[in-house]
1. Here's a check for you: in the stretch 65-81, which residue that is surrounded by fewer than 23 Cβ atoms within 10 Å (Cβ to Cβ) and in contact (Cβ under 8 Å) with a residue 24 or more places away in the chain is nearest to residue 131 (Cα to Cα)?
2. Output yes when any residue across the stretch 240-260 is out of contact with any Phe, Trp or Tyr (no Cβ under 7 Å at 6 or more places or on another chain), within 16 Å of the ligand (Cβ to nearest atom) and basic (Lys, Arg), and no when none is.
3. Within the stretch 204-255, how many residues are within 20 Å of residue 194 (Cβ to Cβ) and among the small types (Gly, Ala, Ser)?
4. If you take the residues in the stretch 192-231 that are within 16 Å of the ligand (Cβ to nearest atom) and charged (D, E, K, R), which one is farthest from residue 137 (Cα to Cα)?
5. May I ask you to verify whether residue 140 is away from the ligand (no atom under 16 Å from the Cβ), surrounded by fewer than 17 Cβ atoms within 10 Å (Cβ to Cβ) and in contact (Cβ under 8 Å) with a residue 24 or more places away in the chain?
6. If a residue must be of a type outside the set (A, V, I, L, M) and closer than 24 Å to residue 226 by Cβ, how many such residues does the stretch 133-186 contain?
7. Which pairs do you get when a residue that is charged (D, E, K, R), found in the stretch 183-196, comes within reach of a residue that is in a helix (DSSP H, G or I) and within 12 Å of the ligand (Cβ to nearest atom), reach meaning Cβ atoms under 9 angstrom, with the pair 6+ apart or on two chains?
8. State whether one or more residues within the stretch 165-188 are crowded, with 16+ Cβ neighbours inside 10 Å and under 16 Å from residue 264 (Cβ atoms).
Amino acid sequence: MVDFASQPADYGTLIAAGQATAPTGQATAPSGQPAEPPAGPPAQPSADEPVRVVDSGVELRVGLATLMGLVEEPGEVAGAGPVIASVARELAERQRRGQWRFAILDADGHLLFDGLTRYRPTTVPAGGDSGGIVELHVPTHLLDPSLAEEHPAWARLLTDLARQYDVQAPIVQDPAARLPGRPLRRHVQVKHRSCSFPGCRRPAAQSQVDHRRDHAKHGPTHEDNLGPACAHHHDLKTRWGWRLVKRDERTYLWISPLNRRHVVTIEPIAPPFPAPIPQSETAPDPPPDRPDDTDG
Ligand SMILES: [Zn+2]
């Protein structure tokens, strides 16, 4: 177990070590490619930019099964990229006192329900940093009560998630308020992942909340009218004549002042990890009638 009291909270070094061998392409797919290069400079974290911390921590996104040690799938540090499973577990331990969110996902990795839990696994030592975000990705099969019985250290957290998913308490929000309250703001961040502009990877938690239809034009402060936009891309809309149109639940159009249209799609929060190849296809012995394809 990590002894936090004796270690500096050097997240950058830990994340860099975790990225050296982390598989790429998982949980970091850009959200929809524009049909043509969009105007304006990219508002993405550059290689020279330090990993953005969230109140003295980082925003870790990780499968609950990985934290429980059931699988070894990579996690992701928002704005930095994927980290290997062991580093994701260590980051979560360091942020024991941070905010732990959960996102319950359907079979395709899309959001079903999200919320906060105050429970932590009993294997994580007390202490740690009070900042940062740990976002747990939870497929519904992990809510089976038998799993809580098999993993007593995680039982209270698993039971809490199952209970909240069962109740699915709605978010209370005044639609006339100018700004969303924290529950709705968090829901928008979890659902949309990053700035909604095509190709922009600025994490939603580091973006502003944009009213697709302006609040000044009676656009409601409601989930359907809200999305994250980084300061630069929010400006494109509020000051430079860009428009944002919703086509369906997961598809939006950014329309430039010259009427060029760029499609963006809400991607799955955690696309399913590739299924293993069946053992029969990876058996070491070739079939007996396999033709000999070597020369001579
Ligand atoms: Zn942006």
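The values are calculated or read from the model by the stated rules, or taken from the named source; none is laboratory data. The model shown is predicted, which means the values in this text are computed figures rather than measured ones. So basically every Cβ, Gly included, is an ideal-geometry build from the backbone, and we count neighbours across all protein chains shown.
1. Here the answer is 79.
2. yes
3. So the answer is 6.
4. In this case the residue turns out to be 212.
5. So residue 140 fits the description; yes.
6. Number satisfying all stated conditions: 16.
7. 191/204; 193/204
8. yes
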